[in-house]
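Report on the structure given below.
The values are calculated or read from the model by the stated rules, or taken from the named source; none is laboratory data. Worth saying up front: this structure is predicted, and the values here are computed from it rather than measured. Don't worry about glycine lacking a Cβ; one is built from the backbone with ideal geometry, like all the others, and counts go over all protein chains shown. All accessible areas refer to the heavy atoms of the entire protein, side chains included, with ligands and DNA or RNA removed. Shrake-Rupley method; radii C 1.70, N 1.55, O 1.52, S 1.80 Å.
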Amino acid sequence: MARGFIVQPTYRVRDGVAVVQLYGRLESGDAFLVEDERFRPYFFASPAAADAVQRAGGRVAASELRDLAGHAVVRVEGALPSAMPALRDAVQRAGGTAYEADLRFAYRYLIDHGIRATLEIRGRGEQRTDGLVVFVNPELASAPAPRVALRTLSLDLETTADASRIFSAAIVGCGVEEVHLVAQRSVAGAIVHPEEAALLGALVARFRALDPDVLLGWNVVDFDLRVLLARCAALRIPCAIGRSHETPRLLAEQGAFAQSRAELPGRMVLDGIPLVRDALKLPDYRLETVARSVLGRGKKIDQDVPDAAAEILRLWHEEPEALVAYNLEDARLVPELLAHEGLLELALERSRLTGMQLDRVGASIASFDLLYLPELRRRGVVAPSVIERAPVGVTGGALIDSVPGFHAHVAVFDFKSLYPSLIRTFGLDPLAHARAGDDAVVAPNGARFSREESILPAVLTELASRRDAAKARGDRHADQAIKILMNAMFGVLGATSCRFFDPDVANAITTFGQQTLHWTKDAFEAHGLRVLYGDTDSVFVQLAAGEASGEVAETLRKRVEEEIASRVQREYRVTPRLVLELDELYERLWLPRVRGGRAGSKKRYAGWARGKLLVIGLESVRSNWPSIAQRLQEGMLERAFSDRDPAPFVRELVAAVRSGARDAELVYAKRIRKGRLDRYSANAPHVQAARKAGGRPGPVIRYVITATGAEPVLPGRALPPRIDHAHYIEKVLRPVAESILEDLGTSFGAVLGEPQQLDLF
């Protein structure tokens with residue numbers, strides 16, 4: 001018996017048979033491959049479509065399972081996964097319904113075996129000459145998460161500017177740090193090859209010898225792997241860097257926020273950019289920016305050189321030792337960044353939790369399926385297939401109008417994991433909705449839910465227990481992974497691309513949330529307190545000056561929580577799972593107005609607590625705004641919260657911008673969300689800049705506004721000339737400053753001494 005972690009679930013067709021393949025790493029340290037040729041692809045369908053399935057070449061078997069509505073189904077089997085779409089179409093043409101017809105073959109196998117990312121293998125394994133332990137048709141079972149040490153390898157290539165030639169490749173991990181260099185003499189710190197073809201052949205051989213489970217890099221799919229594949233193809237060198245002799249495939253995911261993926265047989269490819277972007281808010285996600293912010297050091301090249309690509313080429317010709325150091329440092333930075341922030345371990349924990357492979361742990365809908373479908377099957381029920389739906393509006397969270405201005409002594413209370421807690425409290429679940437009887441829980445939107453039959457409440461209760469245990473043992477990765485999964489539940493049920501989407505279920509969750517927030521507001525006000533703002537799961541409550549202490553706030557919290565629980569029990573006859581927490585106690589709080597209006601803004605505020613400035617939703621935390629906005633806004637708020645006049649600071653900063661002393665802080669950064677520039681019809685500034693930059697734009701374009709419009713800011717090059725300082729003063733500084741100064745009884749113009757219009761009335 002052996003236990004291990006699944007790195008890649010996939011399949012191959014061999015001699016006309018679909019063979020499930022599970023690649024991974026054993027506790028012993030050996031890489032493994034499970035092959036199972038006994039499993040056949042299948043889905044379920046309406047019994048009336050059975051004849052149509054058989055005519056299309058499928059096999060129909062009886063089934064004791066039912067759909068959510070309680071209707072009988074039959075099992076439809078095919079010879080190969082590729083045959084299943086035609087059988088599904090045959091069912092639909094016959095007027096029937098296909099169930100679970102869209103599940104990927106390898107994931108169907110894992111679901112049916114009750115396996116997520118970790119498994120127990122019962123059977124004899126044979127170790128191949130390359131070290132891979134192969135198990136053929138073994139018995140498998142789920143296993144507690146073994147702490148398998150996956151092997152990682154970071155890759156960084158250096159090329160000509162047009163990527164038509166690779167002249168250096170660094171690899172870091174699996175116990176080695178190597179730079180392979182094309183050179184005609186020995187170079188300190190490098191393994192030298194006389195030509196590019198020899199370098200590529202050696203690099204492929206090192207991949208197979210080191211045998212990593214995970215390949216890391218920075219833009220590793222769209223640059224390093226894409227270039228490596230292209231150059232190997234051009235030079236006719238087999239690029240078998242996976243655990244088979246197949247060539248890797250690059251996969252283009254669909255959607256505005258999709259990222260490129262790569263399929264290497266037996267290995268995973270993880271790009272550092274999306275991992276960091278999901279965890280950290282930074283001005284941009286270039287390796288230099290992230291490394292400086294996180295590690296305090298960056299790339300080993302002068303960032304002020306006018307053309308970084310030309311400088312790298314110069315180093316190759318003139319200072320190869322410096323190029324080797326530069327290349328190696330880039331390869332080192334990625335694993336160090338991920339380790340510093342615990343991002344690889346977080347991805348591993350999310351994979352253990354749901355069973356999603358490492359490069360898809362952020363796929364929340366697919367993760368939900370891996371948790372929910374096995375539980376549904378245990379109850380004898382099959383799930384619907386995913387269908388295309390038109391967008392459907394789902395009610396949002398509650399918002400209580402804010403009281404704009406500066407306030408003192410404000411306590412913020414919020415409900416811990418509100419939506420998961422509502423699901424647990426009221427049994428809000430697709431199965432419960434389908435099986436609601438006479439004695440049902442009725443949501444504020446009228447949706448009805450069974451008190452006896454449900455799945456999600458128990459799943460979430462188990463997750464909550466596991467999260468508490470993770471916190472108790474100090475396992476922050478498990479804690480964060482479970483938090484992400486629990487909080488994603490509502491988003492999944494509210495997504496039309498989810499197989500269980502039902503607006504009644506999604507709106508039941510949000511309307512219960514709205515009701516809970518308004519009940520909470522009423523409870524605080526019944527104690528004679530003023531609620532300044534409320535948003536989804538939080539209320540901002542102003543305390544009396546003499547009672548603004550944590551002890552008083554905690555007493556209030558406990559009292560209101562008990563009152564809400566009592567009301568839930570009384571009106572719904574359920575056990576409350578709602579936990580109200582004291583999130584923050586602000587000495588001072590600023591709630592801004594809607595720009596150009598008098599009403600209070602939403603989801604935007606700043607406060608002073610524990611000697612620190614905390615900012616939510618304002619310009620200073622927006623990554624697409626120039627950093628000068630952050631300098632201005634935070635400087636003004638710090639002064640206002642400490643009763644100092646911000647006017648001198650504003651004047652000094654405006655003067656610095658006019659003089660050009662702050663040009664480096666005037667750069668905008670905006671994502672190219674549509675992938676290709678030809679998909680944009682409007683000529684927005686970031687699109688203008690991207691077009692001027694030429695080539696294939698990256699995911700983020702950096703630019704400044706000049707006298708000639710938006711101009712790109714390119715890595716390693718000086719800022720464009722003739723920056724339009726008036727634009728930044730009027731379009732960035734003025735609105736940021738005005739919103740604060742208005743609540744202090746003055747204006748931007750008055751602070752700068754601009755002529756003021758006479759008040760004739």
**Item:** Members of the stretch 511-549 found to be more than 33 Å from the chain's Cα centre (by Cα), closer than 25 Å to residue 590 by Cβ and surrounded by fewer than 17 Cβ atoms within 10 Å (Cβ to Cβ), listed by number
**Value:** 525, 527, 528, 530, 544, 545, 546, 547, 549
**Asked** Is it true that residue 433 is open to solvent by 10 Å² or more (accessible area, probe 1.4 Å) and either free of Cβ contacts under 8 Å to residues at least 12 places away in the same chain or not in a helix (DSSP H, G or I) (or both)?
**Response** no
**Leading residue by the ranking (nearest to the chain's Cα centre (by Cα)) among those in the stretch 554-577 that are open to solvent by less than 80 Å² (accessible area, probe 1.4 Å) and more than 23 Å from residue 528 (Cβ to Cβ)** = 576
**Message:** Take the residues in the stretch 436-459 that are in a loop (DSSP other than H, G, I, E, B) and open to solvent by less than 20 Å² (accessible area, probe 1.4 Å); name whichever of them is nearest to residue 374 (Cα to Cα).
**Reply:** 455
**Message:** For the condition free of Cβ contacts under 8 Å to residues at least 24 places away in the same chain and farther than 30 Å from residue 478 by Cβ, what is the one hit in 130, 162?
**Reply:** 162
**Residue check, residue 103 within 35 Å of the chain's Cα centre (by Cα) and in a strand (DSSP E or B)** = no
**Item:** Verdict on residue 13 being modelled with pLDDT of 95 or more, assigned to a strand (DSSP E or B) and within 20 Å of residue 124 (Cβ to Cβ)
**Value:** no
**Request:** Consider only pairs whose beta carbons are under 7 Å apart and that are at least six residues apart or on different chains; among these, list those whose first residue lies in the stretch 307-336 and is more than 14 Å from residue 166 (Cβ to Cβ) and whose second residue is part of a helix (DSSP H, G or I) and of a type in the set (Phe, Trp, Tyr).
**Result:** 315/326
**Asked** Within the stretch 36-100, which strands (runs of 3 or more DSSP E) (wholly inside it) include 3 or more residues that are open to solvent by less than 50 Å² (accessible area, probe 1.4 Å), modelled with pLDDT of 95 or more and in contact with a Cys (Cβ under 9 Å, 6 or more places away or on another chain)?
**Response** none
**Contacts under 9 angstrom Cβ, first residue in the stretch 464-488 being farther than 22 Å from residue 372 by Cα, partner outside any helix (DSSP H, G or I) and of a type in the set (Gly, Ala, Ser), 6 or more apart** = 476/342; 477/342
**Prompt:** Checking residue 212 against (1) in a loop (DSSP other than H, G, I, E, B); (2) open to solvent by less than 20 Å² (accessible area, probe 1.4 Å); (3) touching a Gly at 6+ places or on another chain (Cβ under 7 Å); (4) over 19 Å from residue 23 (Cβ atoms), which test does it fail?
**Reply:** (4)
**residue 422 being modelled with pLDDT of 95 or more, under 30 Å from residue 85 (Cα atoms) and in a helix (DSSP H, G or I)** = no
**Message:** Among the residues of the stretch 477-512, what is the count of those that are in a helix (DSSP H, G or I) and of a type outside the set (A, V, I, L, M)?
**Reply:** 13
**Asked** For the stretch 730-753, what are the residues that are open to solvent by 10 Å² or more (accessible area, probe 1.4 Å) and under 13 Å from residue 629 (Cα atoms)?
**Response** 730, 731, 734, 735, 738, 739
**Fill in**
Checked against (1) assigned to a helix (DSSP H, G or I); (2) touching a helix residue (DSSP H, G or I) at 6+ places or on another chain (Cβ under 9 Å), residue 570 satisfies every condition except (2)
**Complete:** In the stretch 278-330, residues that are of a type in the set (A, V, I, L, M, F, W, C), part of a loop (DSSP other than H, G, I, E, B) and within 30 Å of residue 484 (Cα to Cα) total 2
**Item:** Number of positions in the stretch 274-299 that are in contact (Cβ under 8 Å) with a residue 60 or more places away in the chain and open to solvent by less than 60 Å² (accessible area, probe 1.4 Å)
**Value:** 10
